[in-house]
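The values are calculated or read from the model by the stated rules, or taken from the named source; none is laboratory data. The structure displayed is predicted, hence computed values, not measured ones. Here the Cβ positions follow ideal geometry from the backbone for every residue, glycine too, while neighbour counts run over all protein chains shown. In case anyone asks, the SASA skips ligands and DNA or RNA and just uses the protein heavy atoms, side chains included. Shrake-Rupley method; radii C 1.70, N 1.55, O 1.52, S 1.80 Å.
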Amino acid sequence: PEPIVKAELLYSQAELETLFLEAAAIQPSTEIDAELELDLYNNYLPPGIRLTYRWRLTTESGATFDSEPQIFEWTDTRFDWKQLSTEQVSVWYYAGGAGFAQSILDTAQQTIDRLRADYGLAQPSQIRLWVYESGGDFSGAQIPNSQEWIVGSAFPDFGLILAVLPEGGDGEVRRVVPHEITHQVLRQASENPFNVPQDGKRAFYIGCRFL
């Protein structure tokens, strides 16, 4: 019955409470058709996570109305991804065979099982591991102006790992996967409102050089 004067999109990574806000350009009216394009590359969020979003409309009198939250997958759509999963970890890959992907999954799960017992972690949250075939492919999923030598990124708050693991690199799998999984499980085991582990990896964005 009164004009809508503001239309805002609120979104967040699905498991986090922090909200991002973008406003759509509209003309005040009792009926609107709003559209908003998000640039998640320059306003960087790593691909491979779930996002939750909703619209908030504000009327001329200041009343607000929120739409029902919706969830969608923010993924790197350049590739046709395949998935292997356990309850604690999922491996996403687009190149190579299922056997190599299974070896990555097995290595990740074995690491989780060992650390789960060591840390007394009852039920780890699922970790997502996205496997890139090459550094060139991987660079397109990184924050702008990233160093060219970076071939792995970990996001403990998101339970997310992006890594270059070309097929046949069994040694890299045995070295890289346990390393990155350890940081993820440590983050879950030590989560509290007071402090964070001082291990040099507790950050929103981490770059690794694998030699």
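Things worth noting here:
- Largest to smallest accessible area among Ile49, Ile143 [probe 1.4 Å]: Ile143, Ile49
- Length gained on full extension, Asp106 to Arg54, computed as 0.36 nm times the residue gap minus the Cα-Cα distance: 15.0 nm.
- Percent accessible area from carbon and sulfur atoms, the chain, protein chains only, probe 1.4 Å: 49
- Rh (Kirkwood; distinct C-alpha pairs) - region 27-105, Å: 16.4
- For region 39-122, the solvent-accessible area works out to 54 Å² per residue, with a probe of 1.4 Å and every protein chain left in place.
- Axis of helix 98-119 versus longest Cα principal axis of the chain: the two differ by about 90°, to the nearest ten degrees.
- Rounded Å value of the spacing that divides the Cα centres of region 149-169 and region 118-145: 4
- Computed over the chain, the P(r) tail beyond 30 angstrom holds 32 percent of alpha carbon pairs.
- FRET efficiency, Lys82 to Tyr41 (Cβ-Cβ, R0 25 Å, nearest 0.05): 0.55
- Around the amide H of Gly48, modelled in the peptide plane, lie the amide H atoms of Trp74, Thr75, Asp76, all under 5 Å away and 5 or more residues distant in sequence or on another chain.
- In the chain, the longest principal axis of the Cα atoms and the axis of helix 170-189 are about 50 degrees apart.
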